[in-house]
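Have a look at the structure below, then the notes.
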Amino acid sequence: MKIIVPKNAGVCWGVERAIDMAHQTVHEQSRHKIVSLGPLVHNPEVVEDFQHKGVEVISDLKEAEEGTVVFRSHGVPLPYYEEAKVKGLEVVDATCPFVKKSQNYARRFSRQGYFVVIVGDEKHPEMKSVRSFTSGPHMVTMEPKDLEKLSSDQKVGLIAQTTIPLSVFQAMVEAAQKRFPEVKTHDTICDATKVRQEEAAETARQVDCMVIIGGKESSNTKKLTKICKEIQPKSHEIEHEREIDFSWFEGVEVLGVTAGASTPVPVIQRVCDYIIAHC
Ligand code: SF4
């Protein structure tokens, strides 16, 4: 069985940067208490590795009393910066610059008097962060029909969750342009996501089966799986190679393996080696 892995599969630049910043912090501040607000990345192995190095994961800033707090690549709600300062915590801000760009547009649109529509999944931590940078009315949605709830004379500014498919953002922009007299948009989808989605689709077209590796909480992995499934119904998402069912590969001549933006490249290699060793 031949295995195809897209060129850019796996960890993206923003997550790699966050992991590097956390490593550097561990190296420089080994005697201080270091916590990460939420798991640093959506990859249990990476998080576990940091836990062994003494980086504790907390779910609320209230749990941090001293030392250093790492803000992860998804970003955190704006009030947390002030709260950390008041508590005297040192902040290592690993928010991805692409997320920072969304935060800045959310703030700018709000200040200019636009109703801010953030196209994304409102439960995702990135959305909780980005919406906190607005200073006026806003909504987080991926449903064009939600725009009908707004008065049609609104000025509307649209930005996107960094990991959504471009088609979802485009559908919202078109619906907004039909309904409102003044619409400003900024496509804040990051290139890393676009590239991974395009390459995953391209790979899915060439293979008999796809395996998509990523954390259960990783939204960009779920999107890769959705895109692959639409093209190749035999697409399977896994977090770890032990979840592989080898009956998936019966009659498969070419297999595609890709991974979400939080999965380190050595993990992809390990999964491929595991498949080769067992097929
Ligand atoms: S997927 Fe894009 S926005 Fe998210 S961390 Fe990676 S580079 Fe940054």
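In the stretch 251-276, the qualifying residues are those that are closer than 15 Å to THR225 by Cβ and modelled with pLDDT under 95, and the one that is surrounded by the fewest Cβ atoms within 10 Å (Cβ to Cβ) is THR263.
Yes or no, residue by residue, for (1) closer than 26 Å to MET21 by Cα; (2) under 21 Å from the mean Cα position of the chain (by Cα); (3) not assigned by TED's automatic domain parsing to the domain that holds THR221:
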residue	(1), (2), (3)
VAL86	yes, no, yes
ARG111	no, no, yes
ILE159	no, yes, yes
THR162	yes, yes, yes
PHE169	no, yes, yes
VAL183	no, no, yes
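Evaluate the following for SER152: is it among the hydroxyl-bearing types (Ser, Thr, Tyr) and not in a helix (DSSP H, G or I)? Give the steps one after another, and end with the answer.
Working: among the hydroxyl-bearing types (Ser, Thr, Tyr): yes; not in a helix (DSSP H, G or I): yes.
Answer is yes for this residue.
Against the conditions (1) surrounded by fewer than 21 Cβ atoms within 10 Å (Cβ to Cβ); (2) over 18 Å from THR185 (Cβ atoms); (3) within 16 Å of the ligand (Cβ to nearest atom), LYS87 satisfies every one except (3). Taking the condition within 16 Å of the ligand (Cβ to nearest atom) and hydroxyl-bearing (Ser, Thr, Tyr), does THR193 pass? Yes, satisfied.
Mind telling me which of the residues ALA18, ALA94, ALA9 ends up being touching a residue at least 60 places away in the same chain (Cβ under 8 Å) and in contact with a Phe, Trp or Tyr (Cβ under 8 Å, 6 or more places away or on another chain)?
Among ALA18, ALA94, ALA9, only ALA94 is touching a residue at least 60 places away in the same chain (Cβ under 8 Å) and in contact with a Phe, Trp or Tyr (Cβ under 8 Å, 6 or more places away or on another chain).
Scanning for something away from the ligand (no atom under 16 Å from the Cβ), closer than 20 Å to LYS128 by Cα and surrounded by fewer than 16 Cβ atoms within 10 Å (Cβ to Cβ), does the stretch 47-58 turn up at least one residue? There is at least one residue in the stretch 47-58 that is away from the ligand (no atom under 16 Å from the Cβ), closer than 20 Å to LYS128 by Cα and surrounded by fewer than 16 Cβ atoms within 10 Å (Cβ to Cβ).
Taking the stretch 115-126 as the search range and keeping residues that are surrounded by 24 or more Cβ atoms within 10 Å (Cβ to Cβ) and out of contact with any Leu (no Cβ under 9 Å at 6 or more places or on another chain), which one is farthest from SER151 (Cα to Cα)?
It comes out as GLU126.
Does TYR114 meet the test of being of a type in the set (Phe, Trp, Tyr), within 14 Å of the ligand (Cβ to nearest atom) and either more than 18 Å from GLU217 (Cα to Cα) or out of contact with any Ser or Thr (no Cβ under 6 Å at 6 or more places or on another chain) (or both)? Criteria not met by TYR114.
Conditions (1) under 22 Å from ASP191 (Cβ atoms); (2) outside the structural domain of VAL26 (by TED's automatic domain parsing); (3) without any contact (Cβ under 8 Å) to a residue 12 or more places away in the chain, marked per residue:
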{"site": "GLU66", "(1), (2), (3)": "no, no, no"}
{"site": "VAL69", "(1), (2), (3)": "no, no, no"}
{"site": "ARG72", "(1), (2), (3)": "yes, no, no"}
{"site": "VAL76", "(1), (2), (3)": "no, no, no"}
{"site": "PRO79", "(1), (2), (3)": "no, no, no"}
{"site": "GLU83", "(1), (2), (3)": "no, no, no"}
{"site": "GLN103", "(1), (2), (3)": "yes, yes, no"}
{"site": "ALA106", "(1), (2), (3)": "yes, yes, no"}
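Cβ-Cβ distances below 6 Å connect the following pairs, each with a first residue in the stretch 224-251 that is closer than 12 Å to ILE275 by Cβ, a second residue that is part of a helix (DSSP H, G or I), and a separation of six or more residues or different chains: HIS236/TRP248; GLU241/VAL271; GLU241/TYR274. Among residues of the stretch 14-41 being within 13 Å of the ligand (Cβ to nearest atom) and acidic (Asp, Glu), the one that is farthest from the chain's Cα centre (by Cα) is ASP20.
Tell me, which residue of the stretch 155-197 that is outside any helix (DSSP H, G or I) and basic (Lys, Arg) is surrounded by the most Cβ atoms within 10 Å (Cβ to Cβ)? Before you say what the answer is, go through the steps one by one.
Taking the stretch 155-197 first, the residues outside any helix (DSSP H, G or I) are 155-165, 180-190.
Next, from what is left, pick out any that are basic (Lys, Arg): 155, 184.
Working: LYS155: 14, LYS184: 16.
Checking each candidate, the answer is LYS184.
The values are calculated or read from the model by the stated rules, or taken from the named source; none is laboratory data. It should be emphasised that the depicted structure is a prediction, and the values quoted were computed from it without experimental measurement. A quick note on method: Cβ atoms are made from the backbone with ideal geometry, for glycine too, and the neighbour counts reach across all protein chains shown.
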